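Here is the structure we will look at.
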Amino acid sequence: MKKAITFTLNNEVIETEVDPKWTLLYLLREVLEMTGTKEGCGYGECGACTVIINGQAVDSCLYPVMEAEGRKITTIEGIMLKSGELDPIQQALVQNGAVQCGFCTPGMVMSAKALLDEKERPTEDDIKDSIAGNLCRCTGYVNIVDAIKSVAGGR
Amino acid sequence: MRSYEYYKPQTMQEAVGLMDRLEDAKFIAGGTDVMVLLRQKKLALKNLISLRNIGDLVYIDKKDGLKIGSATTHTEIVKDEFIKRFYSALNDATTHLGSRQIRNVATVGGNICNAAPSADTACPLLVLDAKVIIVGQKGEREVDIDDFFLGPNKIALERGEIVKGFHMPQFGDNTGSAYIKHTRRQAMDLPMIGIGARITIKIGKSEVRCRDALCTIDTISNVLARLQDEELEIEDARIAMGVVAPRPIRAKQAEAALKGKVVSEKLFREIGEIAATEAQPRDSIRGEAWYRKEMVKVLVRRALMRSIDRVIRPDDTIYPERLW
Ligand SMILES: Cc1cc2nc3c(=O)[nH]c(=O)nc-3n(C[C@H](O)[C@H](O)[C@H](O)COP(=O)(O)OP(=O)(O)OC[C@H]3O[C@@H](n4cnc5c(N)ncnc54)[C@H](O)[C@@H]3O)c2cc1C
Ligand code: FES
Ligand code: FES
């Protein structure tokens, strides 16, 4: 049986009907058709589905949709600047050649954003720790770490 | 996936009542074990009872020891400087558990109640003498964590009972603890062996702090060699081992052999040998039994060294990665 829930998605209040067995990822991609958030493994291993819930990076593939109720959720679609430009993290990834196939990128951006929102000047270890749960098959991570570092150092 | 109802009680009593009333039900906290099992179709049920919205299950209380609510996330434990300083083994374990995304939602109660032989917080809670606080329809009861684990995914919880939290005694400056997770990868890996240790040094006999100038840069072996005539006597010690038996276990013979002895590297080497005789690891894809047994010797010794290190120079070793 469907249940009504209300939550904040990218600063907009959403009211929608959900099946309690859905994950947050399913609601985002299949129902709301916001396909920026990716599904890789579906088991919490790869981080492609990372979103920010109440300020913290979370794997949306393991997040019961019913827990979205009343919480504040940000996805990759919600981080564009008001001017319409890319977020500084996205710009840095582009500039550092840190995007190849791009499948891991939305998750990487959300993990990095959660870190930078929490810690203004993270160390390299903080950066590596923040993306340890984000798999990338293409880049070898070095450019991704450099990109996040450049944002952290540049502000 | 089969459909289920999802309940969000606000109090413990409500949660316990729901569990009593509903058939085919399970508690879900962070869901990082439960959701995986559901998605892999290894678990089918009609009702999920969420513990995520019960405020009374989330606490870190530092009066007379340490009390941690079962729905406290690993991230909250990692961030706590008091836990890092006085209950270091727990910080070691939560720091390297899963990924940031997992730690942000996964809870210590879920880790213990899932009762995997590899559960990272099990050894720390065993060496820190945690009591499991259980709440049911009839009230509250307490169980030693050592009596709580019954086997793989089996715990001493009656139907309808819920774990409220874990309470640990107070430890002073004369106690150090550590947990070492032996993995193939540095991140996102379950331990092929997990070793926890705690040492409490007898106070009064000698100065336990290392004050010599070399202390901040020297290896713990050298520091111990120089401190030999201080005769640091072990008042109490614990050793716990993960992934060497169907459940996380204490190496009780090794613990007994430490009691009353004077700290030395040689002693720790002998203790490692004793602990290895108490370990019954199996062959698995993560590592073969003989290798695991050999590593028990090394890691028990290392965990004891790290524990004593944290007693003699707490300020320097509080960030262990630098030295080990
Ligand atoms: C990608 C990934 C990596 C992981 N890495 C690690 C790792 O490195 N080390 C490790 O040890 N684990 C790891 N895990 C396993 C898991 O994250 C941990 O065991 C976690 O602590 C479980 O907590 P939870 O709150 O998510 O549990 P849940 O899945 O919500 O619950 C687990 C079990 O405990 C029961 N339960 C929960 N709370 C209570 C309570 N208060 N009272 C009674 N029963 C309760 C539930 O009914 C269920 O049976 C990993 C999991 C994933 C998906
Ligand atoms: S899809 Fe969620 S972690 Fe891989
Ligand atoms: S860019 Fe292809 S997976 Fe990361």
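Kindly indicate the residue of region B:182-199 that is within 10 Å of B:G242 (Cα to Cα) and part of a loop (DSSP other than H, G, I, E, B) and also nearest to the other protein chains (Cβ to nearest Cβ) among those meeting that condition. Within region B:182-199, the match that is nearest to the other protein chains (Cβ to nearest Cβ) is B:P191.
Conditions tested, residue by residue: (1) among the acidic types (D, E); (2) away from ligand 2 (no atom under 16 Å from the Cβ).
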{"residue": "B:N91", "(1), (2)": "no, yes"}
{"residue": "B:R100", "(1), (2)": "no, no"}
{"residue": "B:L126", "(1), (2)": "no, yes"}
{"residue": "B:E140", "(1), (2)": "yes, yes"}
{"residue": "B:D144", "(1), (2)": "yes, yes"}
{"residue": "B:Q170", "(1), (2)": "no, yes"}
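The residue that is farthest from the other protein chains (Cβ to nearest Cβ), among those in region B:75-97 that are in contact with a His (Cβ under 9 Å, 6 or more places away or on another chain) and of a type in the set (A, V, I, L, M), is B:A93.
Report whether or not B:L45 is hydrophobic (A, V, I, L, M, F, W, C), within 11 Å of chain A (Cβ to nearest Cβ) and either more than 9 Å from ligand 1 (Cβ to nearest atom) or within 22 Å of the chain's Cα centre (by Cα) (or both). Let's see the steps before the verdict.
Working: hydrophobic (A, V, I, L, M, F, W, C): yes; within 11 Å of chain A (Cβ to nearest Cβ): yes; either more than 9 Å from ligand 1 (Cβ to nearest atom) or within 22 Å of the chain's Cα centre (by Cα) (or both): yes.
When the stated conditions are applied, B:L45 passes them.
Suppose we keep only residues that are near ligand 1 (Cβ under 6 Å from one of its atoms) and away from chain A (no Cβ under 12 Å) within region B:98-109. Which one would you say is farthest from B:G31 (Cα to Cα)? Step by step, filter region B:98-109, then rank; the result is B:G109.
Listed here are the residues, each with its yes/no results for (1) within 16 Å of ligand 2 (Cβ to nearest atom); (2) closer than 26 Å to A:C46 by Cα.
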| residue | (1), (2) |
| --- | --- |
| B:L66 | no, no |
| B:A71 | no, yes |
| B:T75 | no, yes |
| B:K84 | no, no |
| B:S88 | no, no |
| B:N104 | yes, yes |
| B:G109 | no, yes |
| B:P117 | no, yes |
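Checking every residue in region B:29-45 against the condition of being more than 16 Å from ligand 2 (Cβ to nearest atom) and within 20 Å of B:R103 (Cβ to Cβ) gives at least one match.
For region A:142-155, a tally of residues being within 16 Å of ligand 3 (Cβ to nearest atom) and either within 14 Å of chain B (Cβ to nearest Cβ) or surrounded by fewer than 17 Cβ atoms within 10 Å (Cβ to Cβ) (or both) returns 3.
For first residues located in region A:125-154 and more than 15 Å from A:L115 (Cα to Cα), partners that are within 16 Å of ligand 2 (Cβ to nearest atom) and hydroxyl-bearing (S, T, Y) and lie 6+ apart or on another chain with Cβ distances below 9 Å form the pairs A:C136/A:T105. Only a single criterion out of (1) open to solvent by less than 10 Å² (accessible area, probe 1.4 Å); (2) touching an Asp or Glu at 6+ places or on another chain (Cβ under 9 Å); (3) touching a residue at least 60 places away in the same chain (Cβ under 8 Å); (4) closer than 29 Å to B:I155 by Cβ is not satisfied by B:L299, namely (2). Taking the conditions exactly as written (surrounded by 17 or more Cβ atoms within 10 Å (Cβ to Cβ), under 30 Å from A:E45 (Cβ atoms), modelled with pLDDT under 95 and in contact with a helix residue (DSSP H, G or I) (Cβ under 7 Å, 6 or more places away or on another chain)), does B:M241 satisfy them or not? The answer is no for B:M241. Only residues that are more than 16 Å from ligand 2 (Cβ to nearest atom) and either under 18 Å from A:R29 (Cβ atoms) or in contact (Cβ under 8 Å) with a residue 12 or more places away in the chain (or both) were counted across region A:92-111, and they come to 8.
From A:E30, A:E45, grab the single residue that is more than 16 Å from ligand 1 (Cβ to nearest atom), acidic (D, E) and open to solvent by 50 Å² or more (accessible area, probe 1.4 Å).
Going through A:E30, A:E45 in turn, just one is more than 16 Å from ligand 1 (Cβ to nearest atom), acidic (D, E) and open to solvent by 50 Å² or more (accessible area, probe 1.4 Å): A:E30.
Open to solvent by 40 Å² or more (accessible area, probe 1.4 Å), in the same structural domain as B:E158 (by TED's automatic domain parsing) and touching a Leu at 6+ places or on another chain (Cβ under 8 Å): is that true of B:I60 in this structure? In short, yes.
The values are calculated or read from the model by the stated rules, or taken from the named source; none is laboratory data. Predicted, not measured: the structure shown is a model, and the values here were computed from it. With ideal geometry, Cβ positions are generated from the backbone for all residues, glycine too; neighbour counts draw on all protein chains shown. When the accessible area is computed, the model is the full protein with side chains, heavy atoms only, and any ligands, DNA or RNA have been set aside. Shrake-Rupley method; radii C 1.70, N 1.55, O 1.52, S 1.80 Å.
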